[in-house]
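One structure below.
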């Protein structure tokens, strides 16, 4: 064998062998326990990044190790191929999004194959393939038939330049994120999926451990993120009566200003009400108040999300209108507040400055009354500054609140609900932050919504037999709206009801639809007749598998997908269950959210604003006395640069191209480093020295194999009797193997790698005499090393497995049995203890494993080290730490 490690040769040979034997094709084998492990499918942006490498290597290690343990393991891959980035690239490069997408898929697939991933490529899916999105359309029609999908109008953010609806997150300072155009509020029709109908079930599985579908295998913070997004609030919806009429003389909203509150116990402390800028009362007041109209227009260009509203400055203007307090009869001013969302509840809130921090700040800013109505024993209320106890509903009691004086939170809420219900002005109600899922997008590169518009019959579903509605793949967007609107061959259709000329829907589906069920399609990727079939029942069963739970056993992906993707996938699964397509209620039994890959970045802030990043090769790096990077200077002109550890990204000029790493060191080095550098769920700080260290370790592994090749190939069976040094090596090997096996079970792959390093250290340090016994123990240790290292570094392990003769004895490494711990090897006849003289380490002594304290003391006093370092003095005492050390005090 080659004495030097040549990664390119080793990896090429291993991959050629796996390809020739179709090593990763998986079938539904009923004779083996199944395990379905899946990474979130990537967007085909053109190149893999180190986050991909980390994600897929985690999955690959899990897959390979479980296969060695005798399981039937599925690791598929696909492409989340629709979406706006492809349209932007098409406009930039003047090529159809399809061409750009398919080219990127081919390149990224090649990179994945170069990494040696154990992917069953026979199950590959691309969401832009009509054979895939046909089933998006099919299920959409089923949901339409069942009333889960419906067409309705809603106020949206409209970009007049790009001619498309924007999500709230795409509106920045009132302008479109791409075009920069001022956003308009428009009421347009679209399709919505009633995810709110599943809100209780979606919430229960992340909050209720007694729920049979509780997601105990998910990280707690992800369950909390889902809980907060669903946002269940139990409180009271009630009305402030008023006599405000519109231009025709009709009472606006029937003379009721409705609000929702979870703190009805504070109702006697209301000193104002605030309405959203879009509220009918705001519009009515603005008609005769130019200043208010200007303020409302300003609000339209501000924040549009709850997150933005939470951080932006709270502003408001009085409307000059008043409503009546439903219990006291007091007149309450109505304000317009930029922090009130029309889309949440009724678009209005009651203002209780004394017991709500946001209202407190608002009242202080505008000089509104602050009236205390909740007291806590031992605390003194002051309007000078906010204190956390002001909002304490556990310890609080009502004061200055008439009939509810002295009541605690629950009793006060019950009483207020009773009083308001008697007037027909309120009732207890549960509200949800969760909103129905709007899936219509005025964009081209997505799944066509299967609807035909007829002048006589309106919006008519495309007949099932006519699916898929195929998206033309030769359009090139130019930024002037959806190019489908200009395609007569796509637009022209016949009404399925009357047969007359009609127009095809040009809206396409939200791309979250594509990623909401792809993991099910992996199970039946070639089935043209049904959406899912027997494969899904095998890989995603309704009951627990021997190693995992119901559904997919392990899902792996970034924390950035912890809310919407996972929520929509859960919803989609429940819909498919209710339609009889699957039997599982939750798709993912266990979830691992791998940490981000971080790397140092150099930047400066130009005078014109913003932040400009520079590649490290452009920088003279500045370090402190400890060798830590603290800054830099631009080589070109000496500009001082800041240094920060941040997410690895091309936009920050700190990305590492996985292909360059593979070309230089080999895929196994890249894999080893990203696994060793930190636990999978924690962030990984990139370190070039760490990469070099990983490569040195693999060179040592290869060098060990080359040095002992003949002895390892020719080693005989393990003899019954072994010399002490061979016993010690077996003890170390099986002790480390026990820890490695435990670490694999808990997916702590960084310590798996460190365990492999310990194994190599032990093997290299073995001073065998070349005897049959020594070579047998060495061969066993090498076999354990290669099998435990293989899931992380499959190429080098495969190469050495063949070269050293293990394949002939144990078969293909891919299916070689996982090494078993020999408990007998863990029991030593003798143990080695550290010997200290006067508290200083002076050597070691060997004693029988069952030696008592007296025997250990005698061995220490008889040692040559004591004779040398004891200086002839008698021992005052001997301290024995069992199994570790003995200290002779002189």
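Give the relative contact order (percent, whole number) for the chain; include only Cα pairs under 8 Å separated by 6+ residues.
Worked out over the chain, it gives 14 percent.
Compute the relative contact order of region 597-647 as a whole-number percentage, counting only Cα pairs closer than 8 Å that sit 6 or more residues apart in sequence.
So the answer I get is 41 percent.
Starting from the Cα of residue 867, step 7 Å along the direction of its Cβ; do the same at residue 616; then give the gap between the two resulting points in nm.
So the two model labels end up 5.6 nm from each other.
What is the helix-to-structure angle for 84-93, meaning the angle in degrees between its Cα long axis and the longest Cα principal axis of the chain, kept from 0 to 90 and rounded to the nearest 10?
Its long axis makes an angle of about 90 degrees.
What does the helix-only formula give at 222 nm for the chain: each DSSP H stretch with n ≥ 4 adding -39500 (n - 2.57), the total divided by the residues, and the result rounded to the nearest 500 deg cm²/dmol?
Estimated from H runs of four or more residues: -10500 deg cm²/dmol.
Mind giving me the FRET efficiency for residue 181 and residue 393? R0 is 51 Å, r the Cβ-Cβ distance, nearest 0.05 is fine.
0.70
Between region 849-886 and region 401-419, how many Å separate their Cα centres?
77 Å
Quick one: if you stick a label point 7 Å off each Cα along the C-beta vector at residue 152 and residue 629, how many nm between them?
Spacing of the two 7 Å Cα→Cβ label points: 5.2 nm.
Quick check: Cα centre of region 641-661 to Cα centre of region 367-383, how many Å?
One Cα centre to the other: 52 Å.
State the Cα centre-to-centre distance between region 760-792 and region 459-535 in whole Å.
If we compute the Cα centre of each part, the gap is 59 Å.
Length gain on complete extension for the stretch residue 855 to residue 725, per 0.36 nm per residue less the alpha carbon to alpha carbon distance?
Result for the pair: 44.6 nm of gain on full extension.
Going highest first, how would you order 552-563, 626-637 by mean Cβ packing within 10 Å?
Highest-to-lowest ranking by the protection proxy: 552-563, 626-637.
What is the helix-to-structure angle for 772-789, meaning the angle in degrees between its Cα long axis and the longest Cα principal axis of the chain, kept from 0 to 90 and rounded to the nearest 10?
10 degrees
Using 20 Å as the cut-off for backbone N distance, which residues of region 735-758 belong to the label zone defined by a point 7 Å from the Cα of residue 827 along Cα→Cβ?
Counting backbone N atoms under 20 Å from the label point, the list is 735-739.
Against the longest principal axis of the chain, how steep is helix 564-578, in degrees 0 to 90 to the nearest 10, with axes from Cα atoms?
The answer is roughly 80 degrees.
Bear in mind that the values in this text are calculations on the coordinates, not laboratory data. This is a predicted model, so every value here is computed, not measured. Ideal geometry is used to build each Cβ from the backbone, glycine not excepted, and the neighbour counts take in all protein chains shown.
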